[in-house]
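Peer 1: Provided herewith is a single structure, encoded as structure tokens, for subsequent inquiry.
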Amino acid sequence: MSKQEEIIKKYEEFANYLTSVNLEELKSTMPRQVLKALHTQLYAINLRSLGYEIGQMVEAMKQEEYPELLGVHHYPDLRDIDFMSEQKKIQLDDYLVSVRKGNIVYNFWRFVKDTDKLQSFLVEKGIIEEVYYLTCPYHNDERLTSKLTLAEFNKIKEAIQTKNQDKIDELLDGTLLDYCDACGTDVEFGQWDEAMGNKEYRLIKDRDKSLDYV
Ligand SMILES: [Zn+2]
């Protein structure tokens, strides 16, 4: 029998034994004080978790075999950035992995001073997309549109700026809302207010999974 077969056999034997223990039977045959002592004794035994320890070891071996795992590897494009330190690029790589595809990517200042430069780089690489939307001029969290491309956004902005009522009425048919919940009243589109224009970035690219299953 190989070593791994032996370990598995012992593990299975013990697991089966534990499964066979009937708690109701213990309850009906032992006084509470005896069960209390048993509880303490069981917790005093250091039961190794070989599964966990071997998992940790395998992970360390994998990093030795693939040193790139210690650097940028989820979004390899980030390696091409020449205006950030290696450490910041790794932090950004880890951050992007934590964001779900389609969700907002923000606080770029954590990684670099020139956030515009980083945003442009990520857009160019197809990692994030720029998304525009309109909000109530007084309530930045009350959205009056769903996400828009820059062209769609500019069309709405132009209609408001030029007071093109026909165009606005057309947009109100599904694209643009004219009611703000927070104001509790209609939003007047009499003139363009810069506070209405908003931009955010959303993650659109899947991470590189090639090292996941090696
Ligand atoms: Zn409002």
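Peer 1: Under a cut-off of 15 Å between alpha-carbon atoms, report the aspartates and glutamates in cross-link reach of K205, not counting same-chain residues fewer than 8 places apart.
Peer 2: Partners within reach: D77, D93, D94, E124, E129, E130.
Peer 1: Per the Kirkwood definition applied to all pairs of different Cα atoms, how many angstroms is the hydrodynamic radius of region 126-203?
Peer 2: Roughly 12.8 Å, rounded to one decimal.
Peer 1: If each residue's Cβ is checked for other Cβ atoms within 10 Å, how do V21, V34 rank with the fewest at the top?
Peer 2: V21, V34
Peer 1: Taking K157 as the anchor, which lysines have their alpha carbon closer than 18 Å to its alpha carbon, excluding any fewer than eight residues away along the same chain?
Peer 2: Qualifying lysines at Cα under 18 Å: K147, K167, K199.
Peer 1: Could you list H73, H39 so that the one with the fewest beta carbons within 10 Å of its beta carbon is first and the one with the most is last?
Peer 2: The order, fewest Cβ neighbours first, is H39, H73.
Peer 1: Return the loop-located trypsin sites (Lys or Arg not before Pro) in region 9-86 (DSSP other than H, G, I, E, B) with at most 15 other Cβ atoms within 10 Å of their own Cβ; answer none if there are none.
Peer 2: R48
Peer 1: Can you put Y138, Y43 in order, fewest other beta carbons within 10 Å first?
Peer 2: Y43, Y138
Peer 1: Here is a follow-up. Restricting things to alpha carbons, find the Rg to Rh ratio for the chain using the Kirkwood radius for Rh.
Peer 2: Taking Rh as the inverse mean 1/r over Cα pairs, Rg/Rh reads 1.26.
Peer 1: Tell me which chymotrypsin sites (Phe, Trp or Tyr not before Pro) from region 155-214 have a DSSP coil assignment and no more than 11 other beta carbons within 10 Å of their own.
Peer 2: Of the chymotrypsin sites (Phe, Trp or Tyr not before Pro), the ones in loops of region 155-214 whose Cβ has at most 11 other Cβ atoms within 10 Å are Y213.
Peer 1: By its C-alpha gyration tensor, with a ≥ b ≥ c as the square roots of the eigenvalues, how is region 1-63 shaped: rounded for a/c under 1.5, else prolate for a/b larger than b/c, else oblate?
Peer 2: Prolate, because a/c is 1.5 or more and a/b exceeds b/c.
Taken together, the values in this text are just the output of simple stated rules run on the coordinates, not laboratory data. None of the values given here were measured: they were computed from a predicted structure. Virtual Cβ from ideal backbone geometry, glycine too; neighbours counted across all protein chains shown.
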